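The values are calculated or read from the model by the stated rules, or taken from the named source; none is laboratory data. In this text the structure is predicted, and so the values were computed from the model without any measurement. Cβ placement follows ideal geometry from the backbone for every residue including glycine, while neighbour counts extend to all protein chains displayed. Each accessible area value is taken on the protein alone, full model and side chains, heavy atoms only, with ligands, DNA and RNA left out. Shrake-Rupley method; radii C 1.70, N 1.55, O 1.52, S 1.80 Å.
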Amino acid sequence: MPKNTACTGTNNLYDNVEFCPGQVSLPGVRDHFYFIRKKEITKWPTLPLNSAESLDKVAVYVGNFTLAADAKFHRVDLVPSESEPKSDQAGSYGSYHFTNSIKLVLPGTAEKVTGLITELNNDNVVILVPQRDGKCRVFGSAGFDVTIKPSQEWGKGSNDANTTTIEVSCEDRAATPFYPGTIETDGATISGETDEEVTAEPEP
């Protein structure tokens with residue numbers, strides 16, 4: 001079969017992927033997440049994909065989310081070690097991409113958390129979830145919307161679970177991209193690289 005000479009527009013980014021003995025890669029996520037309404041994002045950071053300079057930059061956003069005036073990310077606490085993220089291949093030949101999903105488990109079923117899932121039930125949001133090492137992953141993209149399926153479990157007895165669960169699903173070109181940019185919340189600017197508050201540089 002003759003070689004397709006038109007296939008010259010993609011970079012070869014493949015490289016060795018090594019794991020050092022003694023290196024630790026902890027599973028799971030931290031005990032909180034951030035979210036914002038998608039319509040409050042006025043400009044998205046750039047996802048390099050095949051235009052990246054190296055393999056470790058393919059699924060890492062470049063730049064920050066630009067938000068509408070007075071818009072902020074909101075922080076929501078989670079039940080520790082109960083939320084489960086995953087990424088699966090979606091589509092068919094020529095259009096393969098990913099379905100990224102996570103089950104977020106919130107403590108309790110009180111008024112505020114019940115109000116949260118009532119509002120989220122028919123809204124469109126973008127969710128940032130920090131891994132155990134603090135690096136934030138993005139659920140949602142400029143081209144695809146997030147699907148949310150909330151539920152509550154009150155329990156039958158005093159030893160049963162009393163939790164609220166938000167099942168999040170979204171399609172994306174990449175498997176749950178990383179976001180090292182800033183996260184503007186009410187009262188603090190958080191680094192998406194470390195999940196820690198960004199402190200202002202002292203003036204000279």
Practice prompt. Please find, in a Gaussian network model of the chain (springs between Cα atoms separated by less than 10 Å), the residue of Val24, Val58, Val168 whose mean-square fluctuation is greatest.
Written response: Val24
Practice prompt. Out of all DSSP beta bridges with both ends in the chain, state the antiparallel percent to the nearest 5.
Written response: 95
Practice prompt. Please report the base-10 log of the normalised intensity I(q)/I(0) for the chain, using a Debye sum with one equal scatterer per alpha carbon and no solvent, at each q in 0.08, 0.10, 0.11 (1/Å).
Written response: -0.33, -0.50, -0.60
Worksheet item: Are there trypsin sites (Lys or Arg not before Pro) in region 127-172 that DSSP marks as loop and that have at most 11 other Cβ atoms within 10 Å, and which are they?
Response: Lys156
Practice prompt. Only Cα pairs under 8 Å and at least 6 apart count here; give the relative contact order of the chain as a rounded whole percent.
Written response: 22
Worksheet item: Can you give the convex hull volume of the alpha carbon atoms of region 85-171 per residue, in Å³?
Response: 129
Worksheet entry | Residues Ser158 and Val76, FRET efficiency given R0 of 35 Å [Cβ-Cβ distance, rounded to 0.05] | 0.85
Item to complete: Report, to the nearest whole %, how much of the accessible area of the chain belongs to carbon and sulfur atoms, 1.4 Å probe, protein only.
Response: 49
